[in-house]
Amino acid sequence: MKKICVVGSINMDLVVTTDRFPQPGETLNGKEFHTYPGGKGANQAVAAGRLQADVRMVGKVGDDMYGQQSIANLRENGVKSDGVFVDSGVSTGIAVIEVDGMGENHIVIVPGANGRVDSQFIDGQLDSLLENDIFLFQLEIPLETVFYAMKKLKEHGKTIILDPAPARILPVEIFKYIDYITPNEMEMAIVSGRKIGTLTDIKEAAALLQQKGVGTIIVKAGKDGAYIISDKDVIHCPGSTVKAVDTTGAGDSFNAGLAVSLARENGLKESVRFANAVGALSTMAKGAQNAMPTLEQVLSFIDK
């Protein structure tokens with residue numbers, strides 16, 4: 001099995017549940033409050049660890065209780081944490097999350113130590129990074145660091161998966177370093193600069209990304225599954241209907257599932273179907289990392 005490395009964010013999620021989201025200037029009574037280990041990078045690492053992958057996390061936390069809790073949680077879920085450094089004088093990244101009665105969420109992120117994951121840090125980690133084969137990136141660490149790390153890794157023939165979230169406009173030069181990009185429909189609209197409303201829109205937006213150098217585009221479509229777009233072919237991998245409790249981390253679970261299946265050298269369609277199952281199962285419990293399914297749960301779900 002190939003080795004997976006996640007380069008990205010590590011947060012603590014502060015989660016409030018409420019019947020509905022407040023309007024601007026409105027105060028509502030919430031129902032519950034919880035803290036959960038999070039961050040899109042750490043979410044993907046933990047999800048891969050629960051799927052029994054050989055996975056390493058690379059990033060930074062602050063010198064506070066949330067940082068120590070985050071590192072401990074990575075280890076408890078089978079993630080190698082020797083690439084996680086404690087940076088003094090800054091907080092661990094924080095995400096303040098509202099979850100409504102339908103399981104949808106609003107998220108505000110304070111980057112903290114994630115903002116200090118820079119090119120010098122990547123250079124210091126390069127030898128250990130190169131021990132791995134498949135790399136998962138997101139956009140909760142500085143974009144210039146993501147770009148720098150991708151370029152370094154592609155020079156050594158590594159496989160790069162980018163989850164372009166939180167969505168932003170990306171420099172044209174970055175696309176040629178991406179083997180797989182996995183936006184949802186909203187993120188696809190932002191990274192391509194095209195309005196997305198139909199499957200034709202998705203195809204046209206994907207063609208633009210391919211012209212810029214992306215290998216394969218996988219558009220996540222929630223309960224509808226995902227679309228694989230490569231060399232002008234479009235393959236729909238249907239999703240599964242589940243009772244969603246909390247969608248936080250569903251996209252991260254999908255990406256982890258994709259990487260784990262590819263690391264086992266499965267085909268792309270099989271890997272996306274596996275990723276769909278991982279993502280669906282992750283919505284059936286509260287929190288991000290707490291809700292990540294085990295390999296046994298995913299295989300049982302797929303069998304049924």
Exercise for the section: Kindly indicate whether residue 158 is without any contact (Cβ under 8 Å) to a residue 24 or more places away in the chain and closer than 22 Å to residue 263 by Cα. Expected result: no
Exercise for the section: For the range 212-225, state whether one or more residues are basic (Lys, Arg) and closer than 25 Å to residue 1 by Cβ. Expected result: yes
Completion exercise
Per the list (1) in contact (Cβ under 8 Å) with a residue 24 or more places away in the chain; (2) closer than 22 Å to residue 81 by Cβ; (3) not hydrophobic (A, V, I, L, M, F, W, C), residue check on residue 127 breaks on (1)
Problem - Sole residue being surrounded by 14 or more Cβ atoms within 10 Å (Cβ to Cβ), modelled with pLDDT under 95 and of a type in the set (A, V, I, L, M), chosen from 97, 122 - result: 97
Handout entry: Filter result for residue 193 (under 27 Å from residue 105 (Cβ atoms), surrounded by fewer than 21 Cβ atoms within 10 Å (Cβ to Cβ) and small (Gly, Ala, Ser))
Key = yes
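Yes or no, residue by residue, for (1) loosely packed, with under 15 Cβ neighbours inside 10 Å; (2) of a type outside the set (A, V, I, L, M); (3) over 21 Å from residue 278 (Cβ atoms):
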| residue | (1), (2), (3) |
| --- | --- |
| 7 | no, no, no |
| 20 | yes, yes, yes |
| 25 | yes, yes, yes |
| 30 | yes, yes, yes |
| 41 | no, yes, no |
| 53 | no, no, no |
| 56 | no, yes, no |
| 77 | no, yes, no |
| 85 | no, yes, yes |
Exercise for the section: Tell me, please, whether a residue that is farther than 24 Å from residue 253 by Cα, at pLDDT below 95 and not in a strand (DSSP E or B) can be found in the range 183-194. Expected result: yes
Completion exercise
Restricted to the range 257-292 and to residues being surrounded by 24 or more Cβ atoms within 10 Å (Cβ to Cβ) and not in a helix (DSSP H, G or I), the residue modelled with the highest pLDDT is 292
Problem - Checklist (1) of a type in the set (Val, Ile, Thr); (2) buried (at least 19 other Cβ atoms within 10 Å of the Cβ); (3) at pLDDT below 95 applied to residue 117, failing item - result: (3)
Completion exercise
Heads up, the strands (runs of 3 or more DSSP E) in the range 70-121 (entirely inside) with at least 2 residues that are under 18 Å from the mean Cα position of the chain (by Cα) and closer than 30 Å to residue 18 by Cβ are 93-99, 105-110
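The values are calculated or read from the model by the stated rules, or taken from the named source; none is laboratory data. Note that the structure is a prediction, hence the values are computed from the model and not measured. All Cβ positions, even for glycine, are placed from backbone atoms using ideal geometry, and neighbour counts span all protein chains on display.
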